[in-house]
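The values are calculated or read from the model by the stated rules, or taken from the named source; none is laboratory data. Predicted model, so just to flag it, every value in this text is computed and none were measured. Here the Cβ positions follow ideal geometry from the backbone for every residue, glycine too, while neighbour counts run over all protein chains shown.
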Amino acid sequence: MTSIEPVTLEVADPTAARRFYTTAFGLDTQVRLRASEAPTTGFRGFTLSLTVSRPATVRGFVDAALDAGARPLKPVAKSLWGYGGVVQAPDGTIWKVATSAKKDTGPDTRQIDRIVLLLGVADVAASKRFYVEQGLAVSKSFGPVYVEFATASSPVRLALYRRRALAKDAGVPAEGTGSHRLVIGGARGPFTDPDGFAWEAASVAATS
């Protein structure tokens, strides 16, 4: 397995969720939606990040998301790493929009450079070993803190982060129970990783 297919978000109302993602972020095939009423509370253990080229684009996407009904979690602001903000979609999924640039070099482009799925895990080293055994190659690794996999051909990249650190970055408490409300498609599957994130065969994901 050298790539992942578009992730599937399990939501209560796929029609409303599709309207939000199209309006707020212009997403279509990158994220799929599936109806689900699986019980879930608190932090679901993952975030999705939109990486863009400039602060104006960050503000544009965050403003569009808020106008479409998202809840603000972290206001847009400069940080040590760049510029960004965090919102929670009406279906409960947490989205971070960020750029490494701290100064504007032009207007909002509405262009997404990449989408990253960040899984919050209990043991980064153990989860890293698990995914390497599934066939994913590591592209970046910062000890027991963060790992990113080489999935350049995928519309969504995969990375691992410590669960509590990810929740803090998102601006929410780390506690949460129930379903992740997330299914990941890949060439191999189905399987469930050490933190309960479910994968399914890409052919199944494509029909969702």
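Table: residues versus (1) within 21 Å of residue 79 (Cβ to Cβ); (2) touching a strand residue (DSSP E or B) at 6+ places or on another chain (Cβ under 6 Å).
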| position | (1), (2) |
| --- | --- |
| 105 | yes, no |
| 113 | yes, yes |
| 124 | no, yes |
| 142 | yes, no |
| 153 | no, no |
| 158 | no, yes |
- The correct count of residues that are touching a residue at least 24 places away in the same chain (Cβ under 8 Å), surrounded by fewer than 23 Cβ atoms within 10 Å (Cβ to Cβ) and either touching a strand residue (DSSP E or B) at 6+ places or on another chain (Cβ under 6 Å) or assigned to a loop (DSSP other than H, G, I, E, B) (or both) in segment 74-84 is 1
- Query: In segment 9-32, which residue that is in a strand (DSSP E or B) and surrounded by fewer than 22 Cβ atoms within 10 Å (Cβ to Cβ) is nearest to the chain's Cα centre (by Cα)?
  - Reply: 31
- With respect to residue 145, is the statement that it is within 18 Å of the chain's Cα centre (by Cα), farther than 30 Å from residue 14 by Cα and either surrounded by 17 or more Cβ atoms within 10 Å (Cβ to Cβ) or modelled with pLDDT under 95 (or both) true? yes
- Query: Is there any pair with a first residue in segment 48-73 that is on the phi > 0 side of the Ramachandran plot and buried (at least 22 other Cβ atoms within 10 Å of the Cβ) and a second that is in a strand (DSSP E or B) and modelled with pLDDT of 95 or more whose Cβ atoms are under 9 Å apart and which are 6 or more apart or on different chains, and what are they?
  - Reply: none
- Quick check, is residue 40 crowded, with 23+ Cβ neighbours inside 10 Å and among the β-branched types (Val, Ile, Thr)? no
- Message: Taking the condition of being part of a helix (DSSP H, G or I), at pLDDT 95 or above and closer than 22 Å to residue 134 by Cβ, how many residues in segment 151-208 meet it?
- Response: 2
- Message: For the list (1) of a type in the set (A, V, I, L, M, F, W, C); (2) within 18 Å of the chain's Cα centre (by Cα); (3) closer than 30 Å to residue 35 by Cβ; (4) surrounded by fewer than 20 Cβ atoms within 10 Å (Cβ to Cβ), I need the number of the one condition that residue 165 fails.
- Response: (3)
- Item | Candidates 93, 109, 99 - the one that is surrounded by 15 or more Cβ atoms within 10 Å (Cβ to Cβ), more than 14 Å from the chain's Cα centre (by Cα) and of a type in the set (Val, Ile, Thr) | 99
- Message: Checking the structure you have, find out if any residue of segment 120-130 is part of a strand (DSSP E or B), touching a residue at least 40 places away in the same chain (Cβ under 8 Å), crowded, with 17+ Cβ neighbours inside 10 Å and not hydrophobic (A, V, I, L, M, F, W, C).
- Response: yes
- Message: Restricting to segment 93-114, and then to whatever is at pLDDT 95 or above and in a strand (DSSP E or B), can you tell me which residue is nearest to residue 194 (Cα to Cα)?
- Response: 94
